[in-house]
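The values are calculated or read from the model by the stated rules, or taken from the named source; none is laboratory data. Keep in mind that what you see is a predicted model, and the values were worked out from it rather than measured. Every residue, glycine among them, receives a Cβ derived from its backbone with ideal geometry; neighbour counts consider all protein chains shown. SASA here: full protein model, heavy atoms, side chains in, ligands and nucleic acids out. Shrake-Rupley method; radii C 1.70, N 1.55, O 1.52, S 1.80 Å.
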Amino acid sequence: MWPPDQEPDPDPDPASARAGRSQPGSAMPGLRALLPARAFLCSLKGRLLLAESGLSFITFVCYVASSASAFLAAPLLEFLLALYFLFADAMQLNDKWQGLCWPMMDFLRCVTAALIYFAISITAVAKYSDGASKAAGVFGFFATIVFAIDFYLIFNEVAKFLKQGDSAEENTADKAEEENSDSDSD
């Protein structure tokens, strides 16, 4: 799984090796191993995390350039957290570190990010008059929507998982109750 297995080129072209040209697939395999897999990036969770990190970075840059620079810590923190969860999910750290409750951490991250972005975006648009503050507020509203979609999907997954667990516990409790009850009605 880590690092990704790369198949060696069975017949390297000696003419291109002498000319100093490298193969297109062999360019910097060490750095390429750090990138998330294409399958994860094309999944819904991967696209949401990419959108969250991209919008957080754009919002951070807008706050740096604006007069509302007091708000730049929140987008920076959310950008770093989104990048962390992007690589943690892509490298499947949730399977490796079983002691952490990954869905709950991700849910709380998304809920707090949506609330904070909503509050600072309203403040940036209403209180500050420069264009960078307005742009940061607009991108903050878009980030609020993306984070809200993410926490809605996480909530549905967790609720579905908990319902399956509750129904399994109810079935075993019902079976145990039926076995322990007196069915001698003679």
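Of everything in segment 43-65 that is open to solvent by less than 20 Å² (accessible area, probe 1.4 Å) and more than 17 Å from the chain's Cα centre (by Cα), the residue that is nearest to Ile154 (Cα to Cα) is Thr59.
When segment 112-151 is filtered for residues that are more than 20 Å from Phe60 (Cβ to Cβ) and either outside any helix (DSSP H, G or I) or open to solvent by less than 70 Å² (accessible area, probe 1.4 Å) (or both), the ones remaining, listed by number, are Ser129, Phe151. Among the candidates Ala88, Ala51, the residue that is of a type in the set (Gly, Ala, Ser) and either modelled with pLDDT under 90 or outside any helix (DSSP H, G or I) (or both) is uniquely Ala88.
Let's see how each residue does on (1) in contact with a strand residue (DSSP E or B) (Cβ under 6 Å, 6 or more places away or on another chain); (2) of a type in the set (S, T, N, Q); (3) in contact (Cβ under 8 Å) with a residue 24 or more places away in the chain:
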{"residue": "Leu44", "(1), (2), (3)": "no, no, yes"}
{"residue": "Phe60", "(1), (2), (3)": "no, no, no"}
{"residue": "Ser66", "(1), (2), (3)": "no, yes, yes"}
{"residue": "Leu72", "(1), (2), (3)": "no, no, no"}
{"residue": "Glu78", "(1), (2), (3)": "no, no, yes"}
{"residue": "Asp106", "(1), (2), (3)": "no, no, yes"}
{"residue": "Ser121", "(1), (2), (3)": "no, yes, no"}
{"residue": "Ala124", "(1), (2), (3)": "no, no, yes"}
{"residue": "Ala136", "(1), (2), (3)": "no, no, yes"}
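When each of Ala68, Ala82 is tested for being of a type in the set (A, V, I, L, M), within 15 Å of the chain's Cα centre (by Cα) and crowded, with 20+ Cβ neighbours inside 10 Å, the lone residue that passes is Ala82. The test for being touching an Asp or Glu at 6+ places or on another chain (Cβ under 9 Å) and among the acidic types (Asp, Glu) does not hold for Asp95. Here Pro4 fulfils each of the conditions (1) open to solvent by less than 90 Å² (accessible area, probe 1.4 Å); (2) under 25 Å from Leu100 (Cβ atoms); (3) modelled with pLDDT of 90 or more; (4) not polar (S, T, N, Q) apart from (3).
Looking only at residues in segment 127-186 that are of a type in the set (S, T, N, Q) and under 26 Å from Ser69 (Cβ atoms), the one that is modelled with the highest pLDDT is Thr144. Among the residues of segment 32-42, the ones that are under 25 Å from Tyr152 (Cα atoms) and of a type outside the set (D, E, K, R) come to 6 in all.
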